[in-house]
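Asker: Input: one structure, supplied below.
The values are calculated or read from the model by the stated rules, or taken from the named source; none is laboratory data. Worth saying up front: this structure is predicted, and the values here are computed from it rather than measured. All Cβ positions, even for glycine, are placed from backbone atoms using ideal geometry, and neighbour counts span all protein chains on display. Areas reflect the complete protein model, heavy atoms only, side chains present, ligands, DNA and RNA absent. Shrake-Rupley method; radii C 1.70, N 1.55, O 1.52, S 1.80 Å.
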Amino acid sequence: MTRVFALFATTALCATPALADRIFVSNERSNDITVVDGTTWEVIHSFPGGQRPRGITASPDGRFLYVCASDDDLVRVFDTQTYEELPSLPSGPDPELFVLHPSGNPLYIANEDDNLVTVVDVETRQVLAEIPVGVEPEGMGITPDGSIVINTSETTNMAHFIDTETYEILANVLVDQRPRYAQFTSDGSVLFVTSEIGGTVSVIDPEAREIVHKITFEVPGVLPEALQPVGLKVTEDGSTVYVALGPANRVAVVNGETYEVEDYLLVGQRVWQLAFTPDESHLITTNGNSNDISIIDVASNRVIKSVQVGEQPWGVVVVPSE
Amino acid sequence: MLRPVIACALLALGQPALAAEYRAAVLRIDKPGRAPSSRLDLPPDDLGFAGAQLAVSDNNTTGQFTGQTFVVEEYAVAPDAALETLEEIIAGGTRYVVTLGDADMTVSLADAAGDRALLVNARAKDDALRNQDCRANLLHTAPSHAMLADGLAQFLIAKRWSDWFLIAGSHPEDQAMAEAYRNAARKFGALIVEERTYEDTGGARRTDSGHVQVQAQMPVFTQRAANHHVVVAADEADIFAVWLPYHTWDPRPVAGAAGLRPATWHPAHEAWGATQFQTRFERLANRPARDMDYQVWLALRALGEAATRTNSEDFAELEDFIRGDGLELAGFKGQALSFRDWDGQLRQPVLLTTGPVVTSVSPQGEFLHQVSQLDTLGTDRPESQCMKGAQQ
């Protein structure tokens, strides 16, 4: 009886068109993906995501979910509607983070163990190139026009500018210790690179390929060593930058023009990655040590809710309703 | 399709014609000694050198973008050939020498090198080397006895296991470690309720069926000790401590040289990206990394950082950078590491390990410091007896 019911429930779920945005969270330790409803903030599903799922992103049309299954040495692909697993993509060893070309293809993957960025065609599932970069590549960013992809290497401490046509490295910008994440503004005029151990965010002029400013952080009562910038997102209009500060358990709200920190929002423990809902009304944070996500109301900059997910949530992406 | 792209990319990266070369040496002084109590601790042939290889490989990966190449020479010599080898290294133009020797040897090498080379001690833990025997041309990536003892003490105090039964071996290095535990107890408010010395009477090692001899002595040896929360063992010579757990008269946890052990590295350490170091190292050396490998890696990465950040080939400039506030060495410990200007010691968190896992990492959050929390571990500026400290 129970079994029949469960089956029915699953079928019903699959058939229901997505009326709300859905939040997909990769859980590094429990090896699964948690799906949270973007309106009710309730967990609606969970499915296996491969071994040590970390980087997570969705195709521009919202149909496919890509997950770096780091210990499987694969990128796992899922149907965002049915949650069914589709054929995997090759990734090179230990994929941690990746970025999708704005057109939806190809995928640029950082291989932490091999000092490589692997470029994969998501349709033919072929590796197009392997680009040697610095030690422990991690952060991946791409210009809005898709012409340049950025990789940050954690031990080399550089942001590598890679030409997406020739796969050549055009420039290397030395940043502070352990760069984790690279993010362009939507107009491509500014590149942000977070440095976990350096405790800074480098603001880079992508034209000049030079650091023009460094954002620093200070929270009374929190040890400076704990202020470790990791994930970063910028609002569409570039007015506000949100920076996840890892073990400081806070998200910094930074003015996108003056680069002054305006507020620190207390979220869960070891806040790692961030994602906006499509209308930018909310920002979701993954909190690795408290096994939850925090929901931030962007208009008021208030944390409105936390939702329990799997073990050690790492990455997050929001798929819009249809 | 793949290969040409890689070749192309590589060509585009460096400027081989302009490449600056950075030379370093690792000088390991091997003293014939007795076998360790456990065969798991047998020293591999490439001990320390494997860490050097990884560091140079990491430095060179970065160097391909900056037009810098790194080279390391490795020497494993007997004590009587050490000074001669150092002369050879210096004569060859190498000015950055990582040493793996005991305290006396380290001082002799530093004195012999004078201002011709900067030495980094990646092995000797003696507090004297950071105090009365410190040298101006000597840095330390090896932890001091005091750092290790303080790291353990903080954890025990945070646990409120404040009453210690201290057991030290009879060798001078055991006594030096015991002194570090006494200082740590004083510093963090623990009480040493009883102290005993285990005399090494020779024999009783693996070859001599240690498990029947030393093991059999442990229960009686620990009998009728004053009430204590924890046994703290100082046994640098590796004579008895491994036999303490489960053999103490009273059912008490053991820490120090056995049980909960303070260390700079452990093959199970995974936090702060350490997994990447472990997998890179294991692929290169076909074995798990030891403390000494990590400490050599740190020493050579410091040189790599100096080269990357200063973009200079001038040794004085590189040395200034390594010693200065600008060094923010990332060592998979969750915060930037740098050398203390008063005694040349690298400030670094201490792992507290138990068998297959890292149980905790010190400094513990409860212990604050006005400058750097890392300076709650080891000899702090006001306590330093190193002349460099006195001059400032």
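Asker: Enter the mean number of other protein chain beta carbons within 10 Å of the beta carbon of each residue in B:271-277, as an integer.
Answerer: Per residue, the number of nearby Cβ atoms from other chains is 5 on average.
Asker: Per-residue counts of other Cβ atoms within 10 Å, averaged by peptide: what ranking do you get for A:269-277, A:220-228, highest first?
Answerer: In decreasing order of mean packing, A:269-277, A:220-228 become A:269-277, A:220-228.
Asker: If the only charges are +1 at each Lys and Arg Cβ and -1 at each Asp and Glu Cβ, what is the size of the charge dipole of chain B around the Cα centre, to the nearest 20 debye?
Answerer: Here chain B has a charge dipole of around 1140 debye.
Asker: Taking 2.2 N^0.38 Å as the expected size of a compact globular protein, what ratio does the Cα radius of gyration of region B:146-262 give against it, to two decimals?
Answerer: That ratio works out to 0.99.
Asker: With the other protein chains left in place, how much accessible area per residue, in square angstrom, belongs to region A:165-248 at a 1.4 angstrom probe?
Answerer: Spelled out: the 1.4 Å probe surface of region A:165-248, per residue, equals 36 Å².
Asker: What's the ranking of B:241-251, A:195-205, B:98-108 by average number of surrounding C-beta atoms within 10 Å, highest first?
Answerer: Per-residue Cβ counts within 10 Å, averaged per peptide and sorted highest first, yield A:195-205, B:98-108, B:241-251.
Asker: Right, another one. Evaluate the charge dipole of the protein assembly as shown about its Cα centre and quote only its size in Debye, nearest 20, assuming +1 on the Cβ of each Lys and Arg and -1 on the Cβ of each Asp and Glu.
Answerer: Using only the charged Cβ atoms, the result is roughly 1880 debye.
Asker: Now, a different point. Among the lysines in the protein assembly as shown, how many pairs, 8 or more places apart or on different chains, have alpha carbons under 29 Å apart?
Answerer: 14
Asker: Here's a follow-up. Under the Karplus relation 6.51 cos²θ - 1.76 cosθ + 1.60, θ = phi - 60°, what is the ordered set of whole-Hz ³J(HN,Hα) values for region B:258-266, x standing for Gly and Pro?
Answerer: For region B:258-266, the Karplus-derived couplings read 8, x, 7, 10, x, 7, 7, 8, 8 Hz, x marking Gly and Pro.
Asker: Given the options A:Pro137, A:Pro87, B:Gly256, identify the residue whose Cα lies farthest towards the positive end of the charge dipole of the protein assembly as shown (+1 on Cβ of Lys, Arg; -1 on Cβ of Asp, Glu).
Answerer: Checking the options against the dipole of the protein assembly as shown, the answer is B:Gly256.
Asker: A follow-up question, please. Using Cα-Cα distances under 8 Å and only pairs 6 or more residues apart, what relative contact order does chain A have, in percent?
Answerer: 13 percent
Asker: Could you calculate, for the protein assembly as shown, the ratio of the Cα radius of gyration to the Kirkwood radius, expressed as Rg to Rh? Write down the numbers at each step before the final one.
Answerer: Values: Rg = 27.1 Å, Rh = 27.2 Å.
With Rg and the Kirkwood Rh in hand, the quotient comes to 1.00.
Asker: Sticking with this one: Using the Cα atoms of region A:185-266, I'd like the radius of gyration and the largest Cα-Cα distance, Dmax, both in angstrom.
Answerer: Expressed in Å, the Cα Rg and Dmax of region A:185-266 come to 12.1, 39.
Asker: Show that you can apply the helix-only estimate: for chain B, add -39,500 (n - 2.57) for every DSSP H stretch of four or more residues, divide by all residues, and state [θ] at 222 nm to the nearest 500.
Answerer: Numbers: 11 runs with 140 residues, N = 392.
Using -39500 (n - 2.57) per qualifying helix, the result is -11500 deg cm²/dmol.
Asker: At a Förster distance of 45 Å, what's the computed FRET efficiency of A:Glu322 paired with A:Leu223, Cβ-Cβ distance as r, to 0.05?
Answerer: E between A:Glu322 and A:Leu223, to the nearest 0.05, is 0.45.
Asker: What spacing in nm lies between the two simple spin-label points modelled at B:Glu366 and B:Lys31, each 7 Å away from Cα in the Cβ direction?
Answerer: Between B:Glu366 and B:Lys31, the simple spin-label model gives 3.8 nm.
Asker: Just to be sure I understand: if you take the accessible area of chain B alone plus chain A alone and subtract the pair, with a 1.4 Å probe, what total do you get in Å², rounded to 100?
Answerer: For chain B against chain A, roughly 2900 Å² becomes buried.
Asker: Hey, got a sec? Which GluC sites (Glu not before Pro) in region A:237-308 land in a DSSP loop and have at most 13 other Cβ atoms within 10 Å?
Answerer: In loop regions of region A:237-308 (DSSP not H, G, I, E or B), the sparsely surrounded GluC sites (Glu not before Pro) are A:Glu257, A:Glu260.
Asker: In region B:311-373, which GluC sites (Glu not before Pro) are in a loop and have at most 16 other Cβ atoms within 10 Å, using DSSP for the loop call?
Answerer: Values: sites: B:Glu313, B:Glu317, B:Glu319, B:Glu328, B:Glu366; in loops: B:Glu313, B:Glu328, B:Glu366.
Of the GluC sites (Glu not before Pro), the ones in loops of region B:311-373 whose Cβ has at most 16 other Cβ atoms within 10 Å are B:Glu313, B:Glu366.
Asker: For peptide A:128-138, how many partner chain Cβ atoms fall within 10 Å of a residue's Cβ, on average?
Answerer: 6
Asker: Find out how many positive minus negative residues lie around A:Val36, taking Lys and Arg as positive, Asp and Glu as negative, among other residues whose Cβ is under 11 Å from that of A:Val36.
Answerer: The answer is -2.
Asker: Another question, then. What is the dipole size for chain A, taken about its Cα centre, with +1 at each Lys and Arg Cβ and -1 at each Asp and Glu Cβ, in debye to the nearest 20?
Answerer: Roughly 880 debye for chain A.
Asker: Counting Lys and Arg as +1 and Asp and Glu as -1, what is the net charge of the other residues whose Cβ lies under 12 Å from the Cβ of A:Asp72? The partial results should precede the final answer.
Answerer: Numbers: positive: A:Arg52, A:Arg54, A:Arg76; negative: A:Asp71, A:Asp73, A:Glu85, A:Asp94.
Net charge in that neighbourhood comes out at -1.
Asker: If you add up the charges near A:Pro87, with Lys and Arg at +1 and Asp and Glu at -1, over every other residue whose beta carbon is less than 14 angstrom from its beta carbon, what do you get?
Answerer: Result for the neighbourhood of A:Pro87: -4.
Asker: Loop only per DSSP, at most 14 neighbouring Cβ atoms within 10 Å: give me the trypsin sites (Lys or Arg not before Pro) in region B:22-102, ordered by residue number. Don't skip to the answer; put the middle values down first.
Answerer: Values: sites: B:Arg23, B:Arg28, B:Arg34, B:Arg39, B:Arg95; in loops: B:Arg34, B:Arg95.
Answer in residue order: B:Arg34.
Asker: Follow-up. Among A:129-137, B:291-299, B:112-120, A:70-78, what's the highest-first ranking by average C-beta atoms within 10 angstrom per residue?
Answerer: B:291-299, A:129-137, A:70-78, B:112-120
Asker: To continue, here is another question. Quick one: what are the phi-derived ³J(HN,Hα) couplings along region A:30-47, Karplus 6.51/-1.76/1.60 with θ = phi - 60°, whole Hz, x for glycine and proline?
Answerer: Each residue's phi maps through the Karplus curve to give 8, 6, 9, 10, 9, 10, 10, 6, x, 10, 8, 6, 9, 6, 10, 6, 8, 8 Hz.
Asker: Over chain B, what is the relative contact order in percent, taking alpha-carbon pairs closer than 8 angstrom and at least six residues apart? Could the numbers behind the result be given before it?
Answerer: Numbers: 745 pairs, mean separation 73.2, N = 392.
About 19 percent, as a whole number.
Asker: Accessible area of the protein assembly as shown with a 1.4 Å probe: how many percent of it is carbon plus sulfur?
Answerer: The computed percentage sits at 50.
Asker: At 7 Å along the Cα-to-beta-carbon direction for both A:Gln269 and A:Val212, put a label point, then send me their distance in nm to one decimal.
Answerer: 4.0 nm
Asker: Which number comes out as Rg/Rh for region B:261-392 once both Rg and the Kirkwood Rh are worked out on C-alpha atoms?
Answerer: 0.99
Asker: Could you tell me what % of all Cα pairs in chain A have separations over 38 Å?
Answerer: Values: 4548 of 51681 pairs.
Summing the P(r) tail past 38 Å for chain A gives 9 percent.
Asker: Calculate how steeply helix B:291-310 sits against the longest principal axis of the alpha-carbon atoms of chain B, using the helix alpha-carbon long axis, and give the answer as 0 to 90 degrees to the nearest 10.
Answerer: It works out to around 30 degrees.
Asker: If I model a spin label as a point 7 Å beyond the Cα along the Cα-Cβ vector, how far apart are those points for B:Phe315 and A:Leu19 in nm?
Answerer: Result: 7.6 nm between the two label points.
Asker: Hey, another quick one. Quantify how strongly other chains surround peptide A:167-177 by giving the mean number of their Cβ atoms within 10 Å of each of its Cβ atoms.
Answerer: Going residue by residue through A:167-177 and averaging, the value is 4.
Asker: Let me ask something else about it. Measuring with a 1.4 Å probe in the full set of protein chains, what accessible area per residue, in whole Å², belongs to region B:146-262?
Answerer: Value returned for region B:146-262: 43 Å² of accessible area per residue.
Asker: If you don't mind, there's one more thing I want to ask. Could you work out how much longer the chain between A:Gln51 and A:Arg302 gets when fully extended? Use 0.36 nm per residue separation minus the Cα distance between them, nm to one decimal.
Answerer: Numbers: separation 251, 0.36 × 251 = 90.36 nm, distance 3.39 nm.
Residue separation times 0.36 nm, minus the Cα-Cα distance, leaves 87.0 nm.
Asker: Mean separation of Cα pairs under 8 Å and 6+ residues apart, divided by the residue count of region A:185-266: what relative contact order is that in percent?
Answerer: Dividing the mean separation by the residue count of region A:185-266 yields 21 percent.
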